[in-house]
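> The structure's right below; bear with me while I get my questions together.
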Amino acid sequence: MIAVIIVVAGLKFGLRSALSSDPTADAKVGDCISVSEKLSDKETETEADIVDCSDSKAKFVVVGKVPGVDDVNSTACNSFFTEADKDAAILSSPSGASDKYLLCVKAKA
């Protein structure tokens, strides 16, 4: 399970990969991320994938990656966000993953 927190709204979500592997493990700064259309303040599980930024499914852009941390309540992504960032969010590695990380993302313009 990959966890997400929407910083602006303070919402916490879970992300579930479509496969048993972690689809966002190889994400790097500048990559775009798609999330399931079911993502909302009522939905707690969704899917996330790395997609081409020209893809209409691209909803977020990675602005930072923090290795060794998977707590979405951590302040580790704070330095990657500004007050002007719209819909900033934090994605984490799946629960129990050996390679923990946070992806610091913001809404794609």
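> Take V29 and decide whether it is modelled with pLDDT of 95 or more, surrounded by fewer than 18 Cβ atoms within 10 Å (Cβ to Cβ) and closer than 21 Å to S79 by Cα.
Working: modelled with pLDDT of 95 or more: yes; surrounded by fewer than 18 Cβ atoms within 10 Å (Cβ to Cβ): yes; closer than 21 Å to S79 by Cα: yes.
When the stated conditions are applied, V29 passes them.
> Looking only at segment 81-99, filter to residues that are within 13 Å of the chain's Cα centre (by Cα) and part of a loop (DSSP other than H, G, I, E, B); which one of those is farthest from G64 (Cα to Cα)? First the steps, then the outcome.
First, pick out the residues of segment 81-99 that are within 13 Å of the chain's Cα centre (by Cα): 87-94.
Within this subset, residues satisfying the condition of being part of a loop (DSSP other than H, G, I, E, B) are 87-88.
On the way: D87: 15, A88: 11 Å.
Applying the filter and picking the extreme gives D87.
This table checks each residue for (1) of a type in the set (A, V, I, L, M, F, W, C); (2) assigned to a loop (DSSP other than H, G, I, E, B); (3) surrounded by fewer than 18 Cβ atoms within 10 Å (Cβ to Cβ); (4) at pLDDT 90 or above.
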site	(1), (2), (3), (4)
E37	no, yes, yes, no
V66	yes, no, no, yes
D71	no, yes, yes, no
S79	no, no, yes, yes
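> Can I ask one more? Of everything in segment 52-62, what is surrounded by fewer than 18 Cβ atoms within 10 Å (Cβ to Cβ) and not basic (K, R)? Give them in sequence order.
Taking segment 52-62 as the starting set, the residues that turn out to be surrounded by fewer than 18 Cβ atoms within 10 Å (Cβ to Cβ) are 52-57, 61.
Those that are surrounded by fewer than 18 Cβ atoms within 10 Å (Cβ to Cβ) and not basic (K, R): D52, C53, S54, D55, S56, V61.
> Okay, next question. Which of the residues spanning segment 1-26 are at pLDDT 50 or above and surrounded by fewer than 15 Cβ atoms within 10 Å (Cβ to Cβ)?
Passing the criteria: S21, D26.
> Which of the residues spanning segment 39-64 are modelled with pLDDT under 95, part of a strand (DSSP E or B) and touching a Leu at 6+ places or on another chain (Cβ under 7 Å)?
T46, A48
For (1) touching a residue at least 40 places away in the same chain (Cβ under 8 Å); (2) under 15 Å from A27 (Cβ atoms), each residue gets a yes or a no:
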| site | (1), (2) |
| --- | --- |
| G64 | yes, yes |
| D70 | yes, yes |
| F80 | no, yes |
| S98 | no, no |
| L102 | no, yes |
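> Still on this model: Quickly run through segment 82-96 and pick out the residues that are under 18 Å from T24 (Cα atoms) and touching a residue at least 24 places away in the same chain (Cβ under 8 Å). Reasoning before the result, please.
First pass over segment 82-96, keeping only residues under 18 Å from T24 (Cα atoms): 88-96.
Within segment 82-96, A88, A89, I90, L91, S92, S93, P94, S95 qualify.
> (1) surrounded by 18 or more Cβ atoms within 10 Å (Cβ to Cβ); (2) over 15 Å from P23 (Cα atoms); (3) modelled with pLDDT of 85 or more: which one isn't true of E83, the others all being true?
E83 satisfies every listed condition except (1).
The values are calculated or read from the model by the stated rules, or taken from the named source; none is laboratory data. Remember, it's a predicted structure, so these values are computed and weren't measured experimentally. No Cβ is skipped: glycine too gets one built from the backbone with ideal geometry, and neighbour counts run over all protein chains shown.
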